[in-house]
Amino acid sequence: MRVLKTIPTDNFNITLFTWNEKYLLKFEQGDLEQTYKVSAMEVVGEQAIDEVLADEIFLKEVQQRFDAMRESWYQRIY
């Protein structure tokens with residue numbers, strides 16, 4: 001697995017990897033993470049990934065998933 005880039009944001013850290021003819025887009029927030037695996041055949045290079053990362057709606061949805069993950073976890077342990 002090779003790191004192509006890391007992108008810190010106000011809400012989470014993003015790391016883009018390449019591995020086994022796939023791009024892995026990993027979002028981390030505290031002790032939670034989300035990973036998207038995309039076949040390199042489905043996108044036109046790293047530029048297509050950059051376009052997704054520039055999409056504010058997508059990033060809001062990522063944050064909403066983190067919120068839901070955290071809520072689900074806290075409901076189970078507290």
Counting only residues that are open to solvent by less than 40 Å² (accessible area, probe 1.4 Å) and among the β-branched types (V, I, T), which one in segment 24-53 is farthest from the chain's Cα centre (by Cα)? V43
Testing R2 on (1) open to solvent by 80 Å² or more (accessible area, probe 1.4 Å); (2) over 13 Å from the mean Cα position of the chain (by Cα); (3) at pLDDT below 95, one condition comes back false. Which one is that? (3)
Might you let me know whether segment 54-77 holds any residue that is surrounded by 14 or more Cβ atoms within 10 Å (Cβ to Cβ), among the aromatic types (F, W, Y) and not in a strand (DSSP E or B)? yes
For segment 49-78, pairs from a residue that is free of Cβ contacts under 8 Å to residues at least 12 places away in the same chain to a residue that is surrounded by 10 or more Cβ atoms within 10 Å (Cβ to Cβ) and of a type in the set (A, V, I, L, M), with Cβ under 7 Å and 6 or more apart or across chains, are F58/V52
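Quick check on my filter: what residues within segment 39-53 are within 16 Å of I7 (Cβ to Cβ) and either charged (D, E, K, R) or not in a helix (DSSP H, G or I) (or both)?
E46, D50, E51, listed by residue number.
The values are calculated or read from the model by the stated rules, or taken from the named source; none is laboratory data. The structure presented is a predicted model; accordingly, all values stated were derived computationally and were not measured. So basically every Cβ, Gly included, is an ideal-geometry build from the backbone, and we count neighbours across all protein chains shown. To get the accessible areas, we keep the full protein, side chains included, count just its heavy atoms, and leave off ligands, DNA and RNA. Shrake-Rupley method; radii C 1.70, N 1.55, O 1.52, S 1.80 Å.
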